[in-house]
1. Suppose the filter is closer than 15 Å to residue 53 by Cα, surrounded by 15 or more Cβ atoms within 10 Å (Cβ to Cβ) and within 13 Å of the chain's Cα centre (by Cα); does residue 104 pass it?
2. Report whether or not residue 80 is part of a helix (DSSP H, G or I) and within 22 Å of residue 10 (Cβ to Cβ).
3. Anything in region 52-76 that is crowded, with 16+ Cβ neighbours inside 10 Å, modelled with pLDDT of 90 or more and over 21 Å from residue 10 (Cβ atoms)? List them, or say none.
4. Does residue 27 satisfy the condition of being in a helix (DSSP H, G or I), touching a helix residue (DSSP H, G or I) at 6+ places or on another chain (Cβ under 9 Å), loosely packed, with under 12 Cβ neighbours inside 10 Å and modelled with pLDDT under 90?
5. Cβ contacts < 6 Å: first residue under 23 Å from residue 18 (Cα atoms), restricted to region 38-63; second residue modelled with pLDDT under 65, any location; separation 6+ or different chain. Result?
């Protein structure tokens with residue numbers, strides 16, 4: 001059982017890093033401007049209409065994956081929230097992206113909510129038969 005959690009943690013850490021790379025590319029790539037009536041501009045405008053909720057959801061997923069980092073919860077929360085904020089702040093350095101306060105709030109809120117959900121998920125190690133927690137982190 002312990003090996004299973006170790007493999008799960010390794011897979012979640014790898015997936016967390018890959019997902020953060022994906023988020024970096026998506027959030028820092030310029031938004032394509034198109035005048036034709038294909039499905040892509042329609043999808044992009046739809047997602048931009050729900051910008052706050054999109055940010056909240058994508059960072060909630062990342063926060064859930066980050067909950068498997070092998071650090072104490074407070075340290076993980078600080079690092080993850082800082083990275084979420086940094087991604088939003090870096091958008092101001094691109095040519096046609098903007099750093100918005102609502103997106104910053106959504107990034108941090110989504111990340112912290114995902115971390116909480118990850119800490120209380122069914123995949124989190126439960127107390128052992130001797131009553132001691134088998135969790136990988138301390139509070």
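1. Working: closer than 15 Å to residue 53 by Cα: yes; surrounded by 15 or more Cβ atoms within 10 Å (Cβ to Cβ): yes; within 13 Å of the chain's Cα centre (by Cα): yes.
Considered against the rule, which asks whether it is closer than 15 Å to residue 53 by Cα, surrounded by 15 or more Cβ atoms within 10 Å (Cβ to Cβ) and within 13 Å of the chain's Cα centre (by Cα), residue 104 comes out as yes.
2. Working: part of a helix (DSSP H, G or I): yes; within 22 Å of residue 10 (Cβ to Cβ): yes.
Criteria met by residue 80.
3. Correct list: 55, 56, 58, 59, 60.
4. Details: in a helix (DSSP H, G or I): yes; touching a helix residue (DSSP H, G or I) at 6+ places or on another chain (Cβ under 9 Å): yes; loosely packed, with under 12 Cβ neighbours inside 10 Å: no; modelled with pLDDT under 90: yes.
Considered against the rule, which asks whether it is in a helix (DSSP H, G or I), touching a helix residue (DSSP H, G or I) at 6+ places or on another chain (Cβ under 9 Å), loosely packed, with under 12 Cβ neighbours inside 10 Å and modelled with pLDDT under 90, residue 27 comes out as no.
5. 54/47
The values are calculated or read from the model by the stated rules, or taken from the named source; none is laboratory data. Just so we're clear, the structure is a prediction, and the values are computed from it rather than from any experiment. Positions of Cβ are generated from backbone atoms using ideal geometry, with glycine treated the same way; all protein chains shown enter the neighbour counts.
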